Amino acid sequence: MTPLTPETVEFTGARGGAAPLTWGQRMIWGSTRWLDDGDPYFNLSWTLPVAGAVDLPAVLRAVRRLIERHETLRTAYVETAEGVVQRVARAGRLTVGVYETGSRPMSAAKTLAADLAATAFDYAGELPVRCAVVVTGGRPRAVALALSHLAVDGWSLNLIATEWPRLLAGDDLPAPARQPLDQAAYESGDEAAARSARAVRHWRAGLARAPRTMFDLPEREPEKPRFVRFGMRSLAAAVAAETLAARCSATTASVLTVASAALLAAVTGHRTAALQLIVSNRHDPRVRDMAGPAALDGLFVLDLAGGTFADAVRRGHGQAMAAYRNGHYDLSAVDAVRAEAARERGADLDLDAFFNDVRPDGRWPDLPPVDRDDPGELTALRERTRTFFDGGYPRVKAHAFFATGPASATCEFFVLVDTAFLPGEAAERMLLGLEALLVRAVAEEVPVDRVAEVCGLAPVPRPAGWTRAGDDWIDNTER
Amino acid sequence: MLRERLAELVSRASGGELAAADVLVSDRSLPALGVTSLVYLRLIDAIEVEFGCDVDLDGPFLDTLDGLAGHLADRLALADEGAPGGRAGDR
């Protein structure tokens with residue numbers, strides 16, 4: 001890759017302005033505060049293809065229009081005496097690197113994007129986007145982007161990817177119905193206050209049922225790096241999840257959520273599972289075309305004391321829907337409820353187990369045709385399942401994190417574990433356990449108290465002196 | 001009437017992917033028809049706006065159009081009697 005002369009994109013949007021952070025921005029802001037300064041963990045790298053005979057000025061024009069139409073791409077986050085403020089610049093400039101590559105422009109763009117994302121953003125002083133263009137023989141082939149998570153979430157990235165070809169073609173796009181400045185205004189109004197109040201009631205009721213933590217386990221020497229993530233691609237899991245979803249009148253998202261909860265409960269020896277679901281908060285049509293972070297955490301608490309896995313899916317589906325419905329709230333109000341619950345329980349509540357379904361429409365639209373009535377088919381499909389090490393991280397705000405991947409033709413699934421509580425290889429075993437559970441539940445009713453056995457997962461042993469109080473484990477040897 | 005109107009709301013929540021007429025005549029569950037979590041949430045919001053009442057998400061009636069219609073009819077009757085609607089939307 002050879003660097004050419006960088007270009008400058010000068011942009012002038014329809015307006016500038018300042019407002020308090022939206023609830024979604026505040027969520028990410030809080031997470032970035034939790035990291036060490038300069039840690040680029042929350043940066044996102046993204047690439048966009050440039051198809052057809054489009055010249056460099058046209059690509060730069062599309063980049064300009066992208067920044068002009070989405071205020072989040074020209075927003076700084078400034079700490080003031082009144083708290084953090086989002087400040088939208090009406091006009092400004094962005095330096096765009098240009099790189100010549102002989103071949104494989106998309107993979108060159110991926111490398112560039114990762115490089116651009118490797119340095120933390122100066123939230124107050126820098127645009128939350130960095131950009132470079134990859135050209136081959138003078139013709140633009142791809143655009144590399146690095147974005148601050150304060151500026152975009154996964155939904156926003158998909159939105160940008162959808163708009164990109166039309167921006168390149170010079171099409172007129174309608175202005176987004178709502179920008180983060182408008183969202184902040186909406187969130188200070190009555191309708192949002194009512195939603196937030198409903199969410200607070202949901203959290204209060206859920207916290208009363210949640211175990212104090214899922215990780216009341218004997219401490220272990222953490223591995224290095226401490227957080228380990230494994231991935232799996234399993235057609236068998238996808239087909240089984242679809243079959244179970246149809247049978248239980250639920251969605252595949254709910255099937256995977258309940259399976260994750262059941263696995264975690266089985267491994268940690270709990271009869272109730274608490275997970276935080278990442279809620280995209282995009283079902284409201286008014287925010288569908290808003291670029292900016294909107295996701296918050298929803299509380300999902302599932303009773304797994306008895307019955308079958310299918311029963312748990314039926315119950316869990318309603319619980320998951322309620323968690324998603326109650327995912328748009330004023331963070332400080334929910335923080336207060338969490339503090340109140342901690343006081344009542346006399347212990348901090350640790351909810352650091354998460355589930356995230358990143359599929360844009362909650363489906364696998366491109367699954368290959370499979371004979372679903374043939375019981376041998378699923379077993380055959382399992383032989384094609386692959387697991388892989390996905391990454392190690394020094395610091396993550398989670399003890400366990402379950403997530404789908406964006407693949408549309410197979411079930412891509414990831415499990416991250418905190419090795420201070422669970423061995424790193426448990427992540428891989430949980431992936432295969434998830435598949436085993438789903439496949440078995442298609443063939444026969446699986447009682448929830450047999451999930452560990454079906455998944456081939458041994459519960460973490462607790463030494464003598466540990467006793468159960470309700471659904472909490474207590475280490476009496478410390479007393 | 002309620003059933004017909006709900007079928008229209010399902011169709012609209014699906015972005016037109018599901019036809020109201022198909023939803024009305026089908027004996028399959030809503031998820032089997034292709035109602036994803038996102039579509040559900042849009043539907044529940046639409047019901048709240050149109051009928052001014054919240055759907056209790058913690059029950060089996062979410063599955064089918066008839067279940068939903070029955071639940072909603074109960075809710076509306078309760079509201080008409082001026083009886084307390086319970087902790088709607090709490091769970």
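The values are calculated or read from the model by the stated rules, or taken from the named source; none is laboratory data. Just so it is clear, the structure is predicted and the values come from calculations on it, not from any experiment. Ideal geometry is used to build each Cβ from the backbone, glycine not excepted, and the neighbour counts take in all protein chains shown.
Please verify whether the stretch B:54-73 includes one or more residues that are at the interface with chain A (Cβ under 8 Å from one of its Cβ atoms), of a type in the set (Ser, Thr, Tyr), free of Cβ contacts under 8 Å to residues at least 40 places away in the same chain and touching a Phe, Trp or Tyr at 6+ places or on another chain (Cβ under 7 Å). The answer is no; no qualifying residue exists.
Exactly one residue out of A:Ala294, A:Ala274 is within 30 Å of A:Glu453 (Cβ to Cβ) and either among the hydrophobic types (A, V, I, L, M, F, W, C) or modelled with pLDDT under 95 (or both), and it is A:Ala274.
Results for (1) among the aliphatic types (A, V, I, L, M); (2) in a loop (DSSP other than H, G, I, E, B), shown as yes or no for each residue.
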{"site": "A:Val9", "(1), (2)": "yes, no"}
{"site": "A:Ala14", "(1), (2)": "yes, yes"}
{"site": "A:Ala18", "(1), (2)": "yes, no"}
{"site": "A:Gln25", "(1), (2)": "no, no"}
{"site": "A:Trp29", "(1), (2)": "no, no"}
{"site": "A:Thr32", "(1), (2)": "no, no"}
{"site": "A:Asp37", "(1), (2)": "no, yes"}
{"site": "A:Leu44", "(1), (2)": "yes, no"}
{"site": "A:Thr47", "(1), (2)": "no, no"}
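Contact map, the stretch A:151-174: first residue without any contact (Cβ under 8 Å) to a residue 12 or more places away in the chain, second residue outside any helix (DSSP H, G or I) and loosely packed, with under 12 Cβ neighbours inside 10 Å, Cβ cut-off under 9 Å, separation 6 or more or different chains; pairs are A:Arg166/A:Asp172; A:Ala169/A:Gly52. Of the residues making up the stretch A:278-296, those that are of a type in the set (A, V, I, L, M, F, W, C), closer than 23 Å to A:Leu351 by Cβ and more than 10 Å from chain B (Cβ to nearest Cβ) are A:Ile278, A:Ala294, A:Ala295, A:Leu296. Out of all the residues in the stretch B:16-36, is one or more of a type in the set (A, V, I, L, M) and modelled with pLDDT under 85? Scanning the stretch B:16-36, I find at least one residue that is of a type in the set (A, V, I, L, M) and modelled with pLDDT under 85, so the answer is yes. The residues listed here are A:His328, A:His317; of these, the one that is at pLDDT 95 or above, within 14 Å of chain B (Cβ to nearest Cβ) and under 30 Å from A:Cys248 (Cα atoms) is A:His328. Within the stretch A:374-386, identify whether any single residue is crowded, with 18+ Cβ neighbours inside 10 Å, among the aliphatic types (A, V, I, L, M) and touching a residue at least 12 places away in the same chain (Cβ under 8 Å), and answer yes or no. Looking through the stretch A:374-386, at least one residue is crowded, with 18+ Cβ neighbours inside 10 Å, among the aliphatic types (A, V, I, L, M) and touching a residue at least 12 places away in the same chain (Cβ under 8 Å).
Taking the stretch A:69-104 as the region of interest, how many residues are without any contact (Cβ under 8 Å) to a residue 60 or more places away in the chain, crowded, with 19+ Cβ neighbours inside 10 Å and not in a strand (DSSP E or B)? Within the stretch A:69-104, residues that are without any contact (Cβ under 8 Å) to a residue 60 or more places away in the chain, crowded, with 19+ Cβ neighbours inside 10 Å and not in a strand (DSSP E or B) number 0. If you filter the stretch A:311-333 down to residues that are crowded, with 20+ Cβ neighbours inside 10 Å and of a type in the set (A, V, I, L, M, F, W, C), you find that the one that is farthest from A:Val279 (Cα to Cα) is A:Ala312.
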